[in-house]
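Trainee: Attaching a single structure in structure tokens format; questions to follow.
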Amino acid sequence: MKYQIKYSPSAIRDLDRIWFEVFSASKEPKITEKYIGDLLDKIKTKSEFPKTGTPLYYENLFTGYYFTRFKSYLAFYRIDGNQILVDRILYAKSDYMNILGIASSEDTDPEQ
């Protein structure tokens with residue numbers, strides 16, 4: 001069974017931001033388009049077997065999210081019936097647990 005991939009408005013904004021970041025660094029539209037195309041292709045590889053993504057756990061509990069990595073970015077998605085719902089595409093070093101609403105910044109503060 002092939003799953004349909006849907007992108008949230010936030011994921012679309014993330015793609016726009018990534019496009020701008022890559023273009024700002026490369027100054028080359030072709031490089032930027034290839035980067036974004038390769039990122040989308042990486043996500044598309046999950047359409048047949050979405051559970052091959054890495055499950056995201058918080059405090060030993062599955063959050064409902066899976067993710068796949070492409071270079072410096074992580075695409076976070078959920079499975080709903082025959083759909084893959086891509087919620088966010090975030091820089092791997094970001095506070096993605098907080099951004100996804102899984103943990104508050106207080107939960108991830110190492111000084112507490």
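Nothing in this text is a laboratory measurement; each read-out follows from the coordinates by a stated rule. A quick note: this is a predicted structure, and the numbers were derived from the prediction, not measured. Note that each Cβ is placed from the backbone with ideal geometry, even for glycine, and that neighbours are counted across all protein chains shown.
Trainee: For segment 50-85, how many residues are touching a residue at least 40 places away in the same chain (Cβ under 8 Å) and farther than 16 Å from GLN4 by Cα?
Mentor: The number of residues fulfilling the criteria is 3.
Trainee: Taking helices (runs of 4 or more DSSP H) that do not extend beyond the chain, which have at least 1 residues that are surrounded by 13 or more Cβ atoms within 10 Å (Cβ to Cβ) and charged (D, E, K, R)?
Mentor: Working: elements: 9-26, 29-44, 96-99, 105-108.
Answer list for the chain: 9-26, 29-44.
Trainee: Separate question: On the basis of being in contact with a Leu (Cβ under 7 Å, 6 or more places away or on another chain) and aliphatic (A, V, I, L, M), does ILE43 make the cut? First the steps, then the outcome.
Mentor: Working: in contact with a Leu (Cβ under 7 Å, 6 or more places away or on another chain): no; aliphatic (A, V, I, L, M): yes.
Here the answer is no, as ILE43 does not meet what is asked.
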